[in-house]
Each structure stands twice: as C-alpha cells, then as structure tokens.
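Student: If you scroll down you'll find the structure; I have some questions about it.
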Amino acid sequence: MPRAAVDDNKRIALRVRPADKALIMRAAAFAQSDMTTFILQAAVREARSVVEEHERVELTERDSRLVRELLENPPAPNAKLRKAARALPERS
C-alpha cells in the first residue's frame with residue numbers, strides 16, 4: 001500500500017541495489033553531475049512524460065470534427081440538464 005506524501009521535508013530516500021547505484025554513479029559522472037541532480041533530472045523528466053501522457057487526449061480526425069461540431073452547434077438542453085441547472089446555487 002502506498003504511503004502518504006510527507007510535506008514537511010524535501011528529502012526522498014531510495015533503496016537501490018549496489019549494481020544499480022554503481023551504474024547511476026557512473027552515468028552521473030559521464031554527465032558531469034552529482035547523483036542527486038542526475039537522479040532528480042531523470043525522475044522529473046519521466047514524471048512530466050507520464051503526467052502528460054495521462055492528461056492529454058488525442059482524438060481521431062473524425063472525433064475532432066464531432067467535438068468541433070458540438071461546440072459550434074450544441075444540442076438543445078434536455079429536461080435532465082434544465083433540472084440540474086435550476087438546482088445550481090445562485091451566483092452573486
């Protein structure tokens with residue numbers, strides 16, 4: 001089960017196998033970087049990629065046309081939508 005994130009410090013502890021640590025140390029040296037910077041840059045790059053992959057929706061050309069058509073010519077509200085709109089609180 002994942003642990004809750006701790007907001008009160010800026011540290012991340014990792015357990016790595018010696019061979020993995022040696023590889024990371026070697027790569028960091030080739031990159032003329034320290035291990036912390038090397039690991040953080042790689043992790044942030046991967047995190048951005050994963051977040052973008054999950055937040056972006058790519059549509060087919062057909063679906064793009066359908067979305068554009070619905071935005072330009074929305075259907076008339078049905079009874080359920082009108083009821084939901086009436087239930088919204090008044091804005092001041």
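Bear in mind these aren't lab numbers, they're just calculated from the coordinates by the rules spelled out. Given the structure is predicted, the values throughout are model-derived calculations rather than measurements. Here Cβ is always computed from backbone atoms with ideal geometry, including for glycine, and neighbour counts include all displayed protein chains.
Student: Could you pull out every one of the lysines with an alpha carbon less than 20 Å from that of LYS10, ignoring same-chain neighbours closer than 8 positions?
Tutor: Cross-link targets: none qualify.
Student: Dipole of the chain (Lys/Arg Cβ +1, Asp/Glu Cβ -1, origin at the Cα centre): which of ALA28, SER64, ALA85 lies farthest to the positive side?
Tutor: Value computed over the given set: ALA85.
Student: A further question on this structure: For the chain, what is the calculated [θ] at 222 nm in deg cm²/dmol (nearest 500), taking -39500 (n - 2.57) for each run of four or more DSSP H residues and dividing by its residue count?
Tutor: For the chain, the value works out to -19000 deg cm²/dmol.
Student: Place a point 7 Å from the Cα of LYS10 along the Cα-to-Cβ direction; which residues of segment 16-39 have their backbone N under 18 Å from it?
Tutor: Zone members listed by number: 34-39.
Student: How far is it, in nm, from the label point at LEU88 to the one at VAL44 when both lie 7 Å from their Cα along the line to the Cβ?
Tutor: Going from the LEU88 label point to the VAL44 one covers 3.9 nm.
Student: Filter the chain for me: DSSP H helices, axial length by Cα at least 15 angstrom, mean Kyte-Doolittle hydropathy not below 0.5. List them by residue number.
Tutor: 18-30
Student: Treating only the Cβ atoms of Lys and Arg (+1) and Asp and Glu (-1) as charged, compute the dipole magnitude of the chain about its Cα centre; round to the nearest 20 debye.
Tutor: Here the size comes out at about 340 debye.
Student: Relative to the present Cα-Cα distance, how much length would full extension add between LYS21 and ASN73 at 0.36 nm per residue of separation?
Tutor: Taking 0.36 nm per residue and subtracting the Cα distance, the gain is 12.9 nm.
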